Amino acid sequence: MRIFFLSLLLITLCCTGARAAMNISEQEKAVFSFFKLAKTDPDYSKWITQTARYKNAPDFLKESVYQEEETRLKWGFGTFDPNNDYLKIRTDILMELHGENEDFSLRFVFPGNQQGESPYFPYNYGAEWIALVVDDGLGNFMKIPLSQQEYTQIKERFPGTGSFPGQIRMRIRPLSVDAHKPLKLQEQEKLWLLRGDIAYLTLEVSPPEGTTQKPMSLYTYTAPWYLSSAESELLELMEK
């Protein structure tokens, strides 16, 4: 029974590893972006040995897991192109409608941030962190002018006052890094800066709880250098 159990465990872990070998996460793509722009390779040993998969593997499988992860990450890094492979971000926001003195707008904040304050987006790399900063004015989208008709249409769907939950989805083009010296926010926390600009952005409102409705897009922006209108519509359909 012990031999059977160990064999079954080995098969399960190997199958899990095979599936993992097919995927590169958004977190890993951000790390790839940093090192591609820095024109150097990641420290795979430092990176892999800090992952949950490696730490949680039985001792007799650690070497196998390490080799699988190293092969997967090296393949992913070798095939990653920051000029074409953009970073996807999806995170929660709080939105508000404003309509005073013919000044109609849709505004949003990131939870825990003040109005007009943009966050950075952290990505784990071993014991360190890479911080993605959107340089081209994410704050410009935090107050979106509306026509009276647009304001009325949104107001009819959300007649209440105050803020309502939603999400922002973005595709970010990696542009530059600061690979010389990390920022230190706390004594033990290092942040390596990765900068990018917005290729695509959409604001979505969450459906009412207990319903099967899909999120509704309230605003979409596509950078003129990114996609044609037809390609943008296709992207929306594919992501939904």
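Things worth noting here:
- Total residues in region 96-109, condition out of contact with any Asp or Glu (no Cβ under 8 Å at 6 or more places or on another chain) and either of a type outside the set (A, V, I, L, M, F, W, C) or under 19 Å from residue 200 (Cα atoms) (or both): 8
- Here region 148-167 is the region considered, the condition is being outside any loop (DSSP other than H, G, I, E, B) and aromatic (Phe, Trp, Tyr), and the residue that is nearest to residue 181 (Cα to Cα) is 164.
- Flag for residue 217 being in contact with an Asp or Glu (Cβ under 7 Å, 6 or more places away or on another chain) and modelled with pLDDT under 90: yes
- Matching residues in region 121-158 - criterion: being β-branched (Val, Ile, Thr) and either in contact with a Ser or Thr (Cβ under 7 Å, 6 or more places away or on another chain) or open to solvent by 80 Å² or more (accessible area, probe 1.4 Å) (or both): 134, 144
- For region 49-147, the strands (runs of 3 or more DSSP E) that sit wholly inside it and include 2 or more residues that are of a type in the set (Lys, Arg) and closer than 24 Å to residue 199 by Cβ are 87-100.
The values are calculated or read from the model by the stated rules, or taken from the named source; none is laboratory data. Everything numeric in this text was worked out from a predicted model, so none of it was measured. Note that we place each Cβ from the backbone using ideal geometry, even for glycine, and neighbour counts take in every protein chain shown. Just the protein is used for accessible areas: all its heavy atoms, side chains included, with ligands, DNA and RNA removed. Shrake-Rupley method; radii C 1.70, N 1.55, O 1.52, S 1.80 Å.
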